[in-house]
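*Asks:* Okay, handing you the structure first.
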Amino acid sequence: MVEVIFITSNESKYREARKIGEKYGVNVGWIQLEYLEPQGNDLREIAKLSAEMLTKKMDSPFFIEDSGLFIKALNGFPGPYSSYVFKTIGNEGIIKLMDGIEDRTAFFMAIIAYWDGNKIKLFEGKVEGKIANEIRGTGGFGYDPIFEYEGRTFAEMGDEKNEYSHRRRALESFFKWLSER
Ligand code: ITT
């Protein structure tokens, strides 16, 4: 069985990755660690730089994943600042910002940066949806109660979120690549 270590401070992200790994025959281990993320406008660059910093502490392979919510009518906000915006204004703040805005198109993006002991490889996953008109559902975490995919928010889906999510899509290409090596 392929094994790989996920470094994240976020237990929900780890749990999702672990479940998705089971589908692909990958055993996902966890190091719960909060690391400093460089700020910037490009999720790929942030993920790559974060992984590079962590290689100085780690002797064995690992991956990290950086996600963001990009809202079209807000020119991609909060994007790479999703974590800070969630901690400050949260879902209620986003719903307020979107008040009266008709185009509610948004997407989630996940970038995985994998360190194989020598170099870093990036994988990407994206899911298109809409910002809901109100907070709905109790499952998931983060922006899940306001992110609507085909009529339901991710927070209303339970484990079914793992079929469609940005994380699922990024992990899928990562795990396929890992098992074909
Ligand atoms: P690590 O960086 O330690 O992995 P984090 O929670 O900071 O954990 P991100 O930077 O990737 O993770 O996430 C940015 C923000 O987007 C954060 O507020 C998350 O709660 C939110 N987020 C990420 N993935 C999400 C998902 O699948 N559903 C809802 N919100 C999500």
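*Asks:* List the number of the failed condition for Phe108; all other conditions in (1) near the ligand (Cβ under 8 Å from one of its atoms); (2) aromatic (Phe, Trp, Tyr); (3) modelled with pLDDT under 95 hold.
*Replies:* If we test Phe108 against (1) near the ligand (Cβ under 8 Å from one of its atoms); (2) aromatic (Phe, Trp, Tyr); (3) modelled with pLDDT under 95, just (3) comes out false.
*Asks:* So how many residues does the range 32-50 have that are under 20 Å from Lys126 (Cα atoms), more than 11 Å from the ligand (Cβ to nearest atom) and open to solvent by less than 40 Å² (accessible area, probe 1.4 Å)?
*Replies:* 1
*Asks:* Please state which of the following conditions Glu124 fails to meet, knowing it meets all the rest: (1) touching a Ser or Thr at 6+ places or on another chain (Cβ under 7 Å); (2) more than 18 Å from Arg18 (Cβ to Cβ); (3) within 14 Å of the ligand (Cβ to nearest atom).
*Replies:* (1)
*Asks:* Something else: Quick one: which of Lys130, Lys126 is touching a His at 6+ places or on another chain (Cβ under 7 Å), among the basic types (Lys, Arg) and open to solvent by 10 Å² or more (accessible area, probe 1.4 Å)? Even if it seems obvious, please write down each step before you answer.
*Replies:* Values: Lys130 fails: touching a His at 6+ places or on another chain (Cβ under 7 Å).
The conditions single out Lys126.
*Asks:* Could I ask something else about it? Kindly provide the set of residues from the range 99-121 that are at positive phi and in contact with a Ser or Thr (Cβ under 8 Å, 6 or more places away or on another chain), ordered by number.
*Replies:* Quick first cut of the range 99-121, residues at positive phi only: 100, 117.
Within the range 99-121, Gly117 is the sole residue that qualifies.
*Asks:* Continuing with this model, one more query. Considering only the range 3-28, state which residues are more than 8 Å from the ligand (Cβ to nearest atom), within 22 Å of Phe141 (Cα to Cα) and either assigned to a loop (DSSP other than H, G, I, E, B) or open to solvent by 20 Å² or more (accessible area, probe 1.4 Å) (or both). Outline the logic, then answer.
*Replies:* So the first thing to find is which residues in the range 3-28 are more than 8 Å from the ligand (Cβ to nearest atom), and the list is 3-6, 11, 14-15, 17-28.
Next cut, within 22 Å of Phe141 (Cα to Cα) only: 5-6, 11, 14-15, 17-23, 28.
Answer for the range 3-28, where residues must be more than 8 Å from the ligand (Cβ to nearest atom), within 22 Å of Phe141 (Cα to Cα) and either assigned to a loop (DSSP other than H, G, I, E, B) or open to solvent by 20 Å² or more (accessible area, probe 1.4 Å) (or both): Ile5, Glu11, Tyr14, Arg15, Arg18, Lys19, Glu22, Lys23.
Quick grid of which residues meet (1) open to solvent by 80 Å² or more (accessible area, probe 1.4 Å); (2) over 19 Å from the mean Cα position of the chain (by Cα):
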position: Ile101; (1), (2): no, yes
position: Ile120; (1), (2): no, no
position: Gly142; (1), (2): no, no
position: Phe154; (1), (2): no, no
position: Asn162; (1), (2): no, no
position: Lys176; (1), (2): yes, no
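*Asks:* Considering only residues of the range 51-67 that are farther than 30 Å from Thr105 by Cβ and not in a helix (DSSP H, G or I), which is least open to solvent (accessible area, probe 1.4 Å)?
*Replies:* Phe62
*Asks:* Is it true that some residue in the range 29-44 is part of a helix (DSSP H, G or I) and touching a residue at least 12 places away in the same chain (Cβ under 8 Å)?
*Replies:* Quick first cut of the range 29-44, residues part of a helix (DSSP H, G or I) only: 43-44.
Narrowing further to those that are touching a residue at least 12 places away in the same chain (Cβ under 8 Å): 43-44.
Looking through the range 29-44, at least one residue is part of a helix (DSSP H, G or I) and touching a residue at least 12 places away in the same chain (Cβ under 8 Å).
*Asks:* Moving to a separate point now. Can you find a residue that is within 22 Å of Arg181 (Cα to Cα) and either buried (at least 19 other Cβ atoms within 10 Å of the Cβ) or of a type in the set (Lys, Arg) (or both) anywhere in the range 68-82? So that I can check it myself, show each step before the final result.
*Replies:* Of the residues in the range 68-82, the ones within 22 Å of Arg181 (Cα to Cα) are none.
There is no residue in the range 68-82 that is within 22 Å of Arg181 (Cα to Cα) and either buried (at least 19 other Cβ atoms within 10 Å of the Cβ) or of a type in the set (Lys, Arg) (or both).
The values are calculated or read from the model by the stated rules, or taken from the named source; none is laboratory data. Keep in mind that this is a model prediction, so the values were computed, not measured. Glycine gets a Cβ as well: all are built from the backbone with ideal geometry, and neighbour counts include every protein chain shown. Each accessible area value is taken on the protein alone, full model and side chains, heavy atoms only, with ligands, DNA and RNA left out. Shrake-Rupley method; radii C 1.70, N 1.55, O 1.52, S 1.80 Å.
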